[in-house]
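Okay, structure first, notes after.
The values are calculated or read from the model by the stated rules, or taken from the named source; none is laboratory data. These numbers come from a predicted model, not from an experiment. So basically every Cβ, Gly included, is an ideal-geometry build from the backbone, and we count neighbours across all protein chains shown. The protein model used for the area step is the full one, side chains on, heavy atoms only, and it has no ligands, DNA or RNA in it. Shrake-Rupley method; radii C 1.70, N 1.55, O 1.52, S 1.80 Å.
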Amino acid sequence: ELSEVIAQAIMRREDQMLLDSLDAASSSLTISTNIGGTGTNLNTTKCREARKLLSANGVSKSDRYAVTHSNNIYALLGDSDANTFDKNAVKALVDGEITKWLGFQFIELGDYDEGGLPIASNVRKNYFYHGGTRGSMGLAIGIDRKTEINYIAEKTSWLCNGLFSAGSVAIDAGGIVECDCTEA
C-alpha cells in the first residue's frame with residue numbers, strides 16, 4: 001500500500017510540474033472571466049473561444065487538452081449546451097463527467113497539496129493546450145517513476161523509497177490558452 005501511495009504522489013508531482021510550466025508560459029491567448037457573462041465559471045462560450053484561438057493559431061486539431069478543476073467541470077455540467085442530449089453525442093449527465101467535448105480531452109483535477117491549478121480571489125486559471133509528441137508542452141524525464149521497497153536488517157524494518165527526476169517547459173506559448181473562471 002505504501003508503494004502505491006508513493007507512486008500516486010510522484011504522479012501528482014509530475015502533474016504539478018506541467019501545471020507550473022503552463023502557468024509560466026505567459027501565453028497571449030487568454031479568455032477573460034467575463035466571456036459568456038459577467039464573472040462566469042467555465043461555460044460553452046469559453047470552451048468555444050479556446051477552440052477558436054487555438055485554430056486561429058494553426059494548432060493541430062488532434063491532441064487538444066483542457067485541464068480544469070472539478071469546480072469548473074461542475075459548472076460546465078450545468079450548461080445546457082454541454083448536457084443536452086439533442087446537441088451532443090457524448091451524454092455528459094449519464095456518467096456525470098465530461099471526458100471529450102469540442103475537440104478537447106478534459107482532464108479534471110481536484111485540490112492538490114502540491115499546488116494544483118492557480119486560484120486567486122476566487123478566479124481559477126484553467127488551461128486549454130495542444131499536447132502529444134509535437135505539442136506545446138515538453139517534459140524531460142531523467143529518472144523515470146520508480147518505487148523501491150527494501151528490508152533494512154539493522155533497523156528490522158522496511159524502507160519505502162520513491163525516485164523521480166524530471167523537468168517541464170512550455171515549448172510553444174501559441175498552443176496554450178489560459179482561461180479564467182470565477183468560482184462561486
Original post:
Looking only at residues in the range 154-174 that are among the polar types (S, T, N, Q) and part of a strand (DSSP E or B), which one is nearest to Gly131 (Cα to Cα)?
Top reply: Ser168
Original post:
Considering the range 1-11 alone, what residues qualify as being under 19 Å from Asp144 (Cα atoms) and either open to solvent by 50 Å² or more (accessible area, probe 1.4 Å) or free of Cβ contacts under 8 Å to residues at least 12 places away in the same chain (or both)?
Top reply: Leu2, Glu4, Val5, Gln8, Met11
Original post:
Quick check: is even one residue across the range 12-33 under 19 Å from Ala184 (Cβ atoms) and open to solvent by less than 50 Å² (accessible area, probe 1.4 Å)?
Top reply: yes
Subject >> Selected residue [hydrophobic (A, V, I, L, M, F, W, C) and over 11 Å from the mean Cα position of the chain (by Cα)] from Leu117, Leu102, Leu109 >> reply: Leu102
Subject >> Matching residues in the range 135-162 - criterion: being under 23 Å from the mean Cα position of the chain (by Cα), open to solvent by 40 Å² or more (accessible area, probe 1.4 Å) and touching a residue at least 40 places away in the same chain (Cβ under 8 Å) >> reply: Leu139, Arg145
Original post:
Taking Thr45 and the conditions (1) open to solvent by 30 Å² or more (accessible area, probe 1.4 Å); (2) of a type outside the set (Gly, Ala, Ser); (3) touching a strand residue (DSSP E or B) at 6+ places or on another chain (Cβ under 7 Å), which numbered condition does it fall short on, given that it satisfies the others?
Top reply: (3)
Original post:
Quick one: Lys125 ticks every box in (1) touching a strand residue (DSSP E or B) at 6+ places or on another chain (Cβ under 6 Å); (2) under 19 Å from Leu54 (Cα atoms); (3) open to solvent by less than 40 Å² (accessible area, probe 1.4 Å); (4) not aromatic (Phe, Trp, Tyr) bar one, so which box is it?
Top reply: (3)
Original post:
So, in the range 82-101, of the ones that are outside any strand (DSSP E or B) and under 12 Å from Leu42 (Cβ atoms), which residue ends up modelled with the highest pLDDT?
Top reply: Ile98
